Amino acid sequence: MGREFGNGVRRAIEQTQMTHRKIAEMLDWDESKLSDLVRGKGGVGEAEVLQLLAFCRVAPAEVRYLLGLFRETRETGYLQIPADGLPDQVRSLIAQERLANVITVWSMNLIPGRLQTADYMRAVVEAGVRDQSVNYDEVIAARLARRELFHWSREFVFFIHEHALRLPVGSAEVMKDQLIHLLAMAQRSYVTMRILPTAIGAHAGLSGGFMQLRYEKFEPVVFIESQSTSLFLEDKASLAAYNKVLRLLDQQSLNEEESKGLINSILF
């Protein structure tokens, strides 16, 4: 991932306590080349990346990790199959969420993870395929910790299908608490919640849920996850396709007040 690679390079440079200009001079580089590298834009070869990391005295394990990221920036998509089978705990996703200033989520079957209550999460886990090697209490704790990203300095947009609001997950009390939590979150100025009504029938998001992360200094990325894998898309064709989906969902979904009204109608 270009952004995560750039952050790793930035950390390596910072530990030298030298300016970009000084490092560029000592490596006989143009300063703009170093700036592009830090911003994850590329423009250099693997040998030059190794040259910089060696100059910064980066530990071998971190060098291998950053080289892996550098190679992935040459791909149109980045597929991860985590050893623990927990896409939500993938290092890249956590890093990218912290960098993003606009996060847009489309969810068709369930309440989006970042908006789920602990009881709702637990009910989802209990209803799914369980792996005895996984500590699901830790999984839930990790997912709840992602709520710390909610902050006025970021913008969050959630497109949620009405089906996700009506699908019974856990007890009636769990669902009631979950819907109340949605209404509370919808009151935050930096959270936009839009419900896609069942009555519309076929819609733009039928291919499945996804998350779009937008940044101030980088190109956006789309994140898709399944039971055991996660995929990051950065190529222009994929980004354009998902942008089109979001534009259509924006047209097809209820506005914010109508969405709150629908949630209230289900709740009461």
Residues in region 184-227 that are part of a strand (DSSP E or B) and touching a helix residue (DSSP H, G or I) at 6+ places or on another chain (Cβ under 7 Å) total 13
For region 144-165, give me each residue that is under 14 Å from the mean Cα position of the chain (by Cα) and either under 13 Å from residue 186 (Cβ atoms) or not assigned by TED's automatic domain parsing to the domain that holds residue 202 (or both).
150, 156, 157, 158
The listed residue being in contact with an Asp or Glu (Cβ under 7 Å, 6 or more places away or on another chain) and surrounded by 14 or more Cβ atoms within 10 Å (Cβ to Cβ), out of 193, 185:
193
Residues located in region 206-221, provided they are more than 17 Å from residue 98 (Cβ to Cβ), surrounded by 15 or more Cβ atoms within 10 Å (Cβ to Cβ) and hydrophobic (A, V, I, L, M, F, W, C):
210
Would you confirm, using the coordinates I've provided, whether residue 90 is within 30 Å of residue 162 (Cβ to Cβ), modelled with pLDDT of 80 or more and assigned by TED's automatic domain parsing to the domain that holds residue 167?
no
If you go through region 165-209, how many residues are closer than 22 Å to residue 121 by Cβ and in contact with a Lys or Arg (Cβ under 8 Å, 6 or more places away or on another chain)?
4
Name the one entry in 184, 172 that is free of Cβ contacts under 8 Å to residues at least 12 places away in the same chain and closer than 24 Å to residue 249 by Cβ.
184
Evaluate region 32-52: report whether one residue or more is at pLDDT 80 or above and outside any helix (DSSP H, G or I).
no
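The values are calculated or read from the model by the stated rules, or taken from the named source; none is laboratory data. If you're wondering where the values come from, they're calculated on a predicted model, not measured in any experiment. Positions of Cβ are generated from backbone atoms using ideal geometry, with glycine treated the same way; all protein chains shown enter the neighbour counts.
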